[in-house]
Amino acid sequence: MRPNHLLRCAARWLLAAGAACSMAGAHAGVTGISGSQAGTTRSFDLFAEEGYLSMADGVQVYSWGYGAPETTTNGTGRMQVSGPTLLVNQGETVTVNFTNRLPARSSIVFPGQSGVSTSGGSAGALTAEVGPNESVSYTFTAAQPGTYLYQSGTQSGLQVEMGLVGALIVYPAGNPLGAGTGAARTAYGHAGTGYERETLLVVGDIDPDIHAAVDDQAKAHRTGTTGCATSGGCTFTADLAHRFPKYWTLNGRTAPDVFARNYAGELPHQPYNTLPRLHPGERILLRMVGAGSDLHPMHHHGNNSWAIARDGRMLSNDVTKGPNLAMSDYTIRVVPGQTYDAIWGWTGAGLGWDVYGRRCGGTGQPTCASVYPSTDARFLHQLPADRGKAFPVQLPSEFELAYGEFYSGSPYLGDSGIRPVGAGVANTSGAYFHMFHSHNEREVVNGGIFPGGMMTMMVIEPPGITID
């Protein structure tokens, strides 16, 4: 192992620990762009261009990506991977104006959306496509709520590998752009799909050898005499049959960069973080998009989730009954090209001890009804039988423990204990951290070095800690 490579990895994890500590950029909703609105029509301006992605081991990977102008709210003016998340409402007419800045012909398709019409461009295999510095518009009605993807419809195997993919979220009628809380905030318009928070995970995989081969061809086209990079579009080839990914991403980033804040300056082409946060008793909607070429078994610790929808359709045999075909599991198998919606929550129910370390109900102790008054619902997520119960084991002394960066020094939520100097710097609130990662072990590395890749944390924040 090269020493400088190890130093880069160690430095990246230290930076990420600081980011996780501050929790900057983590919100109750999904970060994206909502375009411009005129009545029931919502319009977006997107472009595709070249850029370089930063892997957490320091490797720069030549890529293609979609972007939005800086004049767009939350637009960066740069290509990004994953592409800008498009936020729309059910029933709206959506127009996407696409400008191609790549040296190859390209386009956009919107799986799950029917009746897509085009203006401009020329007929391609799947949709209207354009050459370098040309534009085309796509229009459709967002008829059904749900989580969808959009991607290149031109030479898709290669162009999606290069990064031309993003997410489209359609919020149900009466729940504009995810507004509302509790029962008023639903994924599919039914109370059974209600949630308090949501997060997006665009799951991808990268073969840097393919990207390097395309980079070499792009450089040759720019310096050659064919003029294809500015006239009709160049032809790019790659050996997809022997594709072998070495990086696995969440929203375009590899761990530990997933913890860094949204729009981190050091990641100009990967603006979206992946750090789900919630309070005990809250429900978080996991919107998952299969943007790669391989299946990824995404496994969350702490509790099962309920898969309520696939490909933007609620799992139900009667929509009036909600997601009555929902499936409970601890691993969501994200298939390429598919999307999944699942609801996850954590209450600590059944642990057999009081997660806040409060003592009540015993001889000489106050009643648990007075320690946990019914007027403060924030602390009522535990089973009544667990309230006031002592932690069931005696912890070793601090001299006999190995401290992780996410350990507060105490087993109690919202508490901190004795820690060596420099230990547990990623946990200043006494939160609980549950891993959320690919269950394929080779996908939690960066360039062969563990830990990294397709890995993040579910953060259970104690009541009183502000998340939004």
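Restricted to region 204-214, and to residues there that are of a type in the set (Gly, Ala, Ser) and outside any strand (DSSP E or B), the residue that is surrounded by the fewest Cβ atoms within 10 Å (Cβ to Cβ) is ALA212. Among residues of region 404-427 that are of a type in the set (Val, Ile, Thr), those with a beta-carbon under 6 Å from a residue that is loosely packed, with under 15 Cβ neighbours inside 10 Å and modelled with pLDDT under 90 at least six positions away or on a different chain give the pairs ILE418/GLU398. Among the residues of region 90-99 satisfying the criterion of being in contact with a strand residue (DSSP E or B) (Cβ under 6 Å, 6 or more places away or on another chain) and surrounded by fewer than 24 Cβ atoms within 10 Å (Cβ to Cβ), which is farthest from LEU149 (Cα to Cα)? By that ranking, first place goes to THR99.
Among the conditions (1) free of Cβ contacts under 8 Å to residues at least 60 places away in the same chain; (2) at positive phi; (3) among the small types (Gly, Ala, Ser), the only one that GLY146 does not satisfy is (1). Scanning region 74-92 for residues being in contact with a His (Cβ under 8 Å, 6 or more places away or on another chain) and part of a strand (DSSP E or B) gives a total of 2.
Looking across ASP318, ASP376, one residue alone is without any contact (Cβ under 8 Å) to a residue 40 or more places away in the chain, more than 21 Å from HIS279 (Cα to Cα) and not aromatic (Phe, Trp, Tyr). It is ASP318. Filtering LEU201, LEU102, LEU149 for residues that are buried (at least 24 other Cβ atoms within 10 Å of the Cβ) and assigned to a loop (DSSP other than H, G, I, E, B) leaves a single hit, LEU102. Being in contact with a strand residue (DSSP E or B) (Cβ under 8 Å, 6 or more places away or on another chain), part of a loop (DSSP other than H, G, I, E, B) and surrounded by 13 or more Cβ atoms within 10 Å (Cβ to Cβ) is a property that PRO411 lacks. Tally the residues that are among the small types (Gly, Ala, Ser) and either under 30 Å from ILE308 (Cα atoms) or modelled with pLDDT of 95 or more (or both), restricting the search to region 121-147. Within region 121-147, residues that are among the small types (Gly, Ala, Ser) and either under 30 Å from ILE308 (Cα atoms) or modelled with pLDDT of 95 or more (or both) number 7. Is it fair to say SER316 is within 30 Å of ARG387 (Cβ to Cβ) and not aliphatic (A, V, I, L, M)? Considered against the rule, which asks whether it is within 30 Å of ARG387 (Cβ to Cβ) and not aliphatic (A, V, I, L, M), SER316 comes out as no. Being touching a helix residue (DSSP H, G or I) at 6+ places or on another chain (Cβ under 9 Å) and of a type in the set (Ser, Thr, Tyr) is the filter; apply it to region 231-253 and report the residue that is surrounded by the most Cβ atoms within 10 Å (Cβ to Cβ). Among residues in region 231-253 that are touching a helix residue (DSSP H, G or I) at 6+ places or on another chain (Cβ under 9 Å) and of a type in the set (Ser, Thr, Tyr), the one surrounded by the most Cβ atoms within 10 Å (Cβ to Cβ) is THR249.
When region 425-468 is filtered for residues that are among the acidic types (Asp, Glu), over 18 Å from ARG283 (Cα atoms) and crowded, with 16+ Cβ neighbours inside 10 Å, only GLU443 remains. Consider region 300-315 and keep the residues that are among the polar types (S, T, N, Q) and either free of Cβ contacts under 8 Å to residues at least 12 places away in the same chain or assigned to a loop (DSSP other than H, G, I, E, B) (or both). The one that is surrounded by the most Cβ atoms within 10 Å (Cβ to Cβ) is ASN303. Taken as a whole, the condition of being modelled with pLDDT under 95 and over 16 Å from the mean Cα position of the chain (by Cα) does not apply to VAL445.
The values are calculated or read from the model by the stated rules, or taken from the named source; none is laboratory data. The structure presented is a predicted model; accordingly, all values stated were derived computationally and were not measured. All Cβ positions, glycine included, derive from the backbone under ideal geometry; neighbour counts span all protein chains shown.
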